[in-house]
Structures are given as C-alpha cells and as structure tokens.
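Each remark here refers to the structure printed beneath this line.
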Amino acid sequence: MRCTLHFHAMSESDPHQDSEPPDPPDPNQDSMFGDAPSGSKSGIVPTYQVLARKYRPSNFSDLIGQEPMVHTLTNAFASARIAHAFMLTGVRGVGKTTTARLLARALNYQSDKVDGPSMQLDPPGVHCAEISASRHMDVMEMDAASHTGIADIREILDGVRYAPVSARYKVYIIDEVHMLSKQAFNALLKTLEEPPPHAIFILATTEIRKVPVTILSRCQRFDLSRVDPPAMAKHLANICTLERREVSEQGLHLIAKASEGSVRDALSILDQALVQADDGASVSPEEIRIMLGLADRTRVLGLLALVMKSDAPAALIELRQQYDLGADPLVIFNDLLDHCHQITRTRALGDAADLTEYGPGADQVRGLASDLSMGQLSRTWQMLLKATSEIRIAPDPLAAAEMALIRLCVASDLPSPEAAAKLLVGGAEGQAAPASKPAPSTKGAPSASSAAQVREPVASQTAQSAPNDGPRMQVQGNLEMVTSPQMVVAPEEQPEERPETDQNRFEDLLAFLEDKREVEVLSQLERYVRLVSYQPGAITFAPEGQVPEKLPAELSGQLQNITGRRWLINMDSRAQGADTIAQVRKRANEQDRKNVLADPSVQAILEVFPKAKIIRVFDPRTDGPQDEDTL
C-alpha cells in the first residue's frame, strides 16, 4: 500500500489556518544568530561585545609575548614533526584557549591554495570560521572544571576511534585539565600516549603542578609567559586607535601593570577605563588611578622619603590623604616595596640603573640611593614585606598601615647595620684591655667560685617566700641554675668550630647534620640506627623498632645530597649494634633528673611547693640560657 504526502502552503482561504501569515522578511534585519537592529520591533538593545572577545587573536601573528612558542610550532609544522598531544600552561588570560583553537585551525587548514597543516591562517580556511565559533563537529572542547568524572572522559575515548567527519584531524581541547579526577586521568593515559593517527589532544591548565607527571610526559609542553608591561601598553594603544578612543600613555602603563601580564585582564580594565571619560574625551591617568584604587606613585615615593627621614607625623598625614583619595593601603605598601626595590637596584647598579619609568622623579630615586646604605634598604625591604602580609589579614587595613609606618620611622632613626657593627666592634676593643676578670652578672650561668654560694640564697629565699605568683616566678627562675647538671661552662671548654668535611666519627656526622638543620635525616639516624660499624661514606647498622623498608636507600640519597659524597648504607638485622642515640639520650635525661631530685636545694623547694614538679633539666653547655618562665 502506497501513501503520498502532499505539502502545501496555507493561504487566507485555508480553513485550518489559525493565524495570519507571517510578514515577509525585512531585508535590513540581521540573521537569527546576529544582534537585533536598534530599530527592530522587539526593542532589544544590541549586546556590546567586550574588547577581550572582539580583539581575540585570529592568527598566530596576533599573539603577543609568545614568540618562542610560535617559533617552535612554525618549525614543527614546516618539518612535519607535529606532536599528537600538546600541553599549554600559564596564568589566566595569556591565551591558552585561544592558542588551542588556533592550533586546531592550523591542523585542519584547507584553502584553495593550501591543503595541509599550516601556521599561516590568512586568509581563513574552510573550517576556520566554525572552529573559531566552537561549533565544528571534529573539534571538541571540554571544560574539565565542570566535567571532572571518568564518564566524561569515556565519551571522548568512545568517539576517538572514529574518523573525522569533514576535517583532517579530530582535535580534542580539554581546558583546565588539572581539575580532572584521578580515575579520569588514568582512563586518559593510554589513549593520550598512543592515539589514533587522526586524533590530536590539546590540554590547557593554569595549575601545571596538579597535573600528573604521567600525563605531562605524554605531551609536548608550552609555557605561555606573562606579557611584559611595555608590550602590553603598546597592544592597548593599538586597540585604542582601532576604537578611536584616546587614553594617556601613563594611563596605559597603569593598566598594563595592574593586569599582571594577563591580556584578558588588561582588556577588561581598558573596557572599564574607556567609559570613565565623558563624551568620548581622553581618559586621564588620575581617572584610571581612582578606578583601580591606586595611589599616585610620585606621592608614594615622597611618602617613602618621609619615612626614611623618621618624620612620622608627616608620613601619617600623607598616608591618610592618599587613603581619602581612594588609594588602598595594601596597594600603597606594594608601591613602597617597588620603590624600595628600585632604590636598592640603583644603589647597586649606579648610573646603569634604568629609571625611565620615573620620569622627573628619577633624581629623587638616585638621591635616596646615595643617602641610604645597603643595610638600611635591606632592613626596610624586610619590614615592608612583613607589613604587607599584616595589612592583608588585618581587620582594619589603614590602622595596620599606620602602625607599620611608625615602625619604619623608628627603625630608620636607628643607626644602619654597618654603623651598628662598627660601634659593637669599637666597644668590644675598648673594653677588652681593662676587663681582666668577668664582671658579675645575674643573667646566665654563675661562675665556678660562686656556684656553692648560689644554693644558700635560693634555699633561704624559698623558706621565707609565700606561695604566691611573685615568689614562685623567682623560685622558678633560680631553679634553672640549680637543676643544671653542671653549673660552669668555662670559655675554653666551648666546642671548637668543626669544619663541614670533618665526618670521621658517627658523632661528627650527627653534629654536622644538626648544624645544617637536616632534621628529617638526623631523626632517622637517632631513632632507627643501632650502629655496628662506621666509616666516612659507609654505615652498617642494626634496625631498631619498625624501620621503613626503604630506609637504607633513603639515607644514602639524603646523605649524598647533604654531604656531597657517596654513602653506602647497609642494614643487618642479625647484628648486635650499639644503643641508638635516642636511647642513650633518654638514659642521660633520667640520670640528670635523679641527680636534680637528690639535690638538697631542690628538695627544699619541693617541700615548700609540694605540687611543683620538674618538667625539664637544662644543661647550659648545650641548651644555653633560658628565660625565667620556661619551666
């Protein structure tokens, strides 16, 4: 049985027509995918296209600041050595996604004269428009930030084995690839290493350290660098010319610096800056500075000069005035850090320092560089660096900034570190001749002749003291002197400085590691090693307790990195080694505690304070002097 279907247009006499026929299309009206004209019946205002989208690079020559990557890719395409997987990394807004789309266009480039992969994308090829609009069937883009699971990767893997529909290659662009789950990465590994000849993967990420090394080893990596301020300012000036708008050169430099090397951020800030001026007038630096919450760099340099003169009242007034004008305290201190850095560089480089960005203020920078020493500048840098972190977390940033300025003023009034060192050396030389005997002091360890005299005042004082906070603090302070195993440390008994290469004994190796503050390997040697034999470069030990299986290999590698020599570490479970350093130290501490408890002075103290207990026994030879509130 055959059935025929007839299609006909409804007319005014059609009884099944419910409404009037539509109006004929307006020849002045845009397509359904375009913006509605301002005079359309719908009244929809055309959507403004932001500069970051309007001036997205359409070919590799438009990429700014990425010349090394473009040069490498150009040579690879020319020699037909095209990788099957690319990894693009860099900060936000430097062009990772744009580069991925340009690569997809280059791989599938086809025109009347060229039918093969090409880095020359002008004129646009057959597939260029659809790839740029992200609607080509053979170029798939996936945002890994919202598709993190293994199911999303399986969809890619299921389709990767099929040949492309119309293009030369099937290109898979995975943005923010570091957001994929561990299972998704594992599922991608094999295909990423040996994809079909018609498939190419392009991965992009801002967190390259979060990408597994197994993924990185299968990709050709390109690090997209930040765009430096001069190149960024030149790029912004070209866009202003195309937009027929005028922004001052200084204002463009402010935008370039605020963008921190991100082209997208720079264009977004420029978009906001262009609407600051009225009736299309020129945008001034002051308007951009107010918009960004920046301070006048010339005034900030003057603020630094006031601080270095210890003029705290004037510095606080200047800070308040800049804050009232809209400057952020954190931004002010970031500028102070920048000025301090430039002054220090000028101090080190002299006339070779480039201060063109300061303009007329270059003379003031050179003047501060000649007046301040390198020690003062280094001290100021450290204090400013600490102040910025305090301002960032402070509930009142302005109050934190004022307190930091006061500290800087006080510090700048002190002698420079060089002058202080000379004063100390001069004072020591002046006092060396008459000081034939050490002067008595109430701080530190007492002398040997007065060791016996110390105990009697302590015992008499504890018998007469009432159990309140004042006497107790005094008792605890004096308790430190009587609880030490030995009371005297003569200057000649101080350990001599040991050269770093002296490791003839196991104890020398431990002391060397302690001097280098290699806590991890030192702890392993003290806890697990029962020494059987030792030679410089070779250790044989019996294990103590639950020893990690890879401990010998780890110790060998760590000691080689620290000492610079090869170490042969052997673990013999059947050998009878000596006690570990931790065991020896524990026995010594227990013996010290017994000796202290047997001391008559300590017994007298414990009788007066029955609830008191010995927390720790200090040895002045190794622990040094302690504060009174340590015990």
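The values are calculated or read from the model by the stated rules, or taken from the named source; none is laboratory data. Just so you know, these numbers come straight off a predicted model, no measurement behind them. For neighbour counting, all protein chains shown are included, and Cβ atoms are generated from backbone atoms with ideal geometry for every residue, glycine included.
So the values come out like this:
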item	result
Region 82-130: number of residues that are surrounded by 21 or more Cβ atoms within 10 Å (Cβ to Cβ) and charged (D, E, K, R)	3
Residue within region 475-485 that is loosely packed, with under 13 Cβ neighbours inside 10 Å and either at pLDDT 80 or above or hydroxyl-bearing (Ser, Thr, Tyr) (or both) present	no
Residue list for region 30-58, restricted to those being surrounded by fewer than 16 Cβ atoms within 10 Å (Cβ to Cβ) and at pLDDT 80 or above	Tyr48, Gln49, Val50, Arg53, Lys54
Residue in region 319-327 that is in contact with a Gly (Cβ under 7 Å, 6 or more places away or on another chain) and free of Cβ contacts under 8 Å to residues at least 60 places away in the same chain present	yes
Which numbered condition Asp158 fails, given (1) more than 25 Å from Asp115 (Cβ to Cβ); (2) under 38 Å from the mean Cα position of the chain (by Cα); (3) not hydrophobic (A, V, I, L, M, F, W, C)	(2)
Number of positions in region 192-224 that are of a type outside the set (Phe, Trp, Tyr) and in a strand (DSSP E or B)	9
The lone exception for Leu270 - which of (1) over 29 Å from Asp324 (Cβ atoms); (2) touching a residue at least 60 places away in the same chain (Cβ under 8 Å); (3) among the hydrophobic types (A, V, I, L, M, F, W, C); (4) crowded, with 16+ Cβ neighbours inside 10 Å it fails	(1)
Region 201-233, residues that are exposed (fewer than 14 other Cβ atoms within 10 Å of the Cβ) and more than 19 Å from Asn186 (Cβ to Cβ)	Asp223, Asp228, Pro230
Residues that are in a loop (DSSP other than H, G, I, E, B) and either buried (at least 17 other Cβ atoms within 10 Å of the Cβ) or touching a Cys at 6+ places or on another chain (Cβ under 7 Å) (or both), drawn from region 137-147	Asp138, Ala144, His147
Any chance Ala151 is under 28 Å from the mean Cα position of the chain (by Cα) and surrounded by fewer than 15 Cβ atoms within 10 Å (Cβ to Cβ)	no
Region 131-170: number of residues that are out of contact with any Lys or Arg (no Cβ under 8 Å at 6 or more places or on another chain) and among the β-branched types (Val, Ile, Thr)	5
Condition broken by Ser310, with the remaining ones in (1) more than 19 Å from Arg407 (Cβ to Cβ); (2) surrounded by fewer than 17 Cβ atoms within 10 Å (Cβ to Cβ); (3) touching a residue at least 12 places away in the same chain (Cβ under 8 Å) satisfied	(1)
Whichever residue in region 158-191 is in a loop (DSSP other than H, G, I, E, B) and among the aromatic types (Phe, Trp, Tyr) and, among such residues, is nearest to Gly125 (Cα to Cα)	Tyr169
Ser134 assigned to a loop (DSSP other than H, G, I, E, B) and at pLDDT below 90	yes
Meets criteria (over 22 Å from Gly251 (Cβ atoms) and either at pLDDT 85 or above or small (Gly, Ala, Ser) (or both)) for Leu330	no
Filtered residue count, region 331-381, keeping only those that are of a type in the set (A, V, I, L, M) and under 27 Å from the mean Cα position of the chain (by Cα)	8
